[in-house]
Amino acid sequence: MTDSRRVLLKVSGEWFSGAKEKGFDEKTFASLTESLIEAKNQNIQIALVLGGGNIYRGRELVSLNIDQVSADYIGMLSTIMNGIALSNFLTSKNCDNSLFSSFAIGNFIKAYSKEDAEKSLLSNKIVILVGGLGNPLFTTDSTASVRAVELKSDVMLKATNVDGIYSDDPKKNKNAQKFDYITFDEAIQKNLKVMDQTSLCFCRDNNLDVRVFNANSNGALLEALINKKTDLGTLVKVKND
Ligand code: UDP
């Protein structure tokens with residue numbers, strides 16, 4: 001291990017579609033690419049876990065009468081499409097990167113191994129992790145927490161469209177309060193819709209800090225990646241100190 005900061009960034013599929021409901025938004029990819037390259041140049045080791053909601057989420061397909069397990073396979077494949085696109089954007093800017101899926105696809109996507117991902121991080125490549133955990137019935141939030149712990153990340157960053165974690169939905173309740181800090185236990189008890197409960201429990205049990213922040217505000221993504229002491233969004237921790 002080196003002394004450099006290592007972060008696991010979870011980017012939801014929703015974010016890739018920008019203002020559109022589905023698909024790819026070129027501007028979003030371009031601004032993500034720019035922040036990743038700048039952070040990498042500042043010696044930050046970055047592994048990303050990508051969601052797939054801009055293409056398909058399992059639960060949307062279940063409502064079309066596709067069974068849950070098959071729907072989740074389609075959901076996992078959606079995350080792979082996002083990975084191919086992001087890898088391509090980075091490569092087109094001469095930024096070294098490695099794309100790994102939890103399951104190999106033909107001869108063009110390598111299967112993830114902790115050792116290979118770590119080697120890539122240590123050789124200053126951005127690591128893109130797709131395919132979820134490779135198991136149906138899980139989410140990419142759970143994937144992000146597992147990979148963050150496996151890769152001994154200093155923090156997990158969850159890029160979202162909201163400013164952090166609120167006591168209630170800020171779009172529906174004007175009096176909703178934003179938390180600067182919250183413990184995993186509080187978030188679980190209050191059933192706050194920030195991450196699924198499986199990933200909250202996993203992060204708590206493995207003492208992994210999670211910062212939830214709005215990646216749409218100017219400079220926020222870069223700030224979250226490079227600044228250990230940032231006060232962006234909400235920090236979820238085991239204990240409030
Ligand atoms: N998925 C899965 N197993 C995993 C991760 C994801 O089956 O380990 C499927 C699930 O159907 C999910 C979809 O992949 O809906 C896309 O992931 P997610 O909904 O977490 O993406 P996001 O909401 O972050 O865009």
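Some points to look at:
- The alpha-carbon of LYS93 sits under 19 angstrom from the alpha-carbons of these aspartates and glutamates, leaving out residues fewer than 8 places away in its chain: ASP25, GLU26, GLU34, GLU38.
- For the residue pairs LYS10/LYS171; LYS27/LYS193; LYS119/LYS193, the C-alpha atoms sit more than 30 angstrom apart in LYS119/LYS193.
- Bridges between two residues of segment 58-172, per DSSP, are antiparallel at a rate of about 10%.
- Global form of segment 146-230, assessed from the alpha-carbon gyration tensor, a/c cut-off 1.5: oblate
- Beta-bridge orientation, segment 116-241: approximately 35 percent antiparallel, per DSSP, counting only bridges with both partners inside.
- Taking the 1.4 Å solvent-accessible surface of the chain as the whole, the part contributed by carbon and sulfur is 48%.
- Neighbour cut-off at most 16 other Cβ (10 Å), DSSP loop, GluC sites (Glu not before Pro), segment 16-114: GLU21
- Annotation: for a label point projected 7 angstrom from Cα along Cα→Cβ of ASN206, residues of segment 133-171 with backbone N closer than 14 Å are 133-134, 139-157.
- Only helical runs count toward this figure. For the chain, summing -39,500 (n - 2.57) over DSSP H runs of n ≥ 4 and dividing by all residues gives -11500 deg cm²/dmol at 222 nm.
- Along the axis of the charge dipole computed for the chain (Cβ charges of +1 for Lys and Arg, -1 for Asp and Glu, origin at the Cα centre), the listed residues VAL49, GLY131, ASN107 are led at the positive end by VAL49.
- Å² per residue, accessible surface of segment 2-45 at 1.4 Å: 49
- Assigned charges on the beta-carbon of Lys, Arg, Asp, Glu; the chain dipole about Cα centre (debye): 160
- Protection proxy ranking of 42-50, 117-125, 185-193, 230-238 - average other beta-carbon atoms within 10 Å, highest first: 42-50, 230-238, 117-125, 185-193
- Ranked packing of 76-84, 195-203, 62-70, most packed first, by mean Cβ within 10 Å: 76-84, 195-203, 62-70
- Segment 14-117: trypsin sites (Lys or Arg not before Pro) in DSSP coil with no more than 15 other Cβ atoms inside 10 Å: LYS20, LYS22, LYS93
- Links that overshoot a 26 Å alpha carbon limit, given the list LYS110/LYS229; LYS190/LYS239; LYS22/LYS158; LYS152/LYS190: LYS110/LYS229; LYS152/LYS190
- Estimated FRET transfer efficiency (LYS93, ASN65; beta-carbon r; R0 35 Å; 0.05): 0.25
- Extension gain, GLN177 to ASN135, is 11.5 nm, computed as 0.36 nm per intervening residue step minus the present C-alpha separation.
The values are calculated or read from the model by the stated rules, or taken from the named source; none is laboratory data. On a predicted model such as this, the values are computed, not experimentally measured, just so you know. We place every Cβ from the backbone using ideal geometry, glycine too, and count neighbours over all the protein chains shown. Surface accessibility is based on the protein's heavy atoms, side chains included, excluding ligands, DNA and RNA. Shrake-Rupley method; radii C 1.70, N 1.55, O 1.52, S 1.80 Å.
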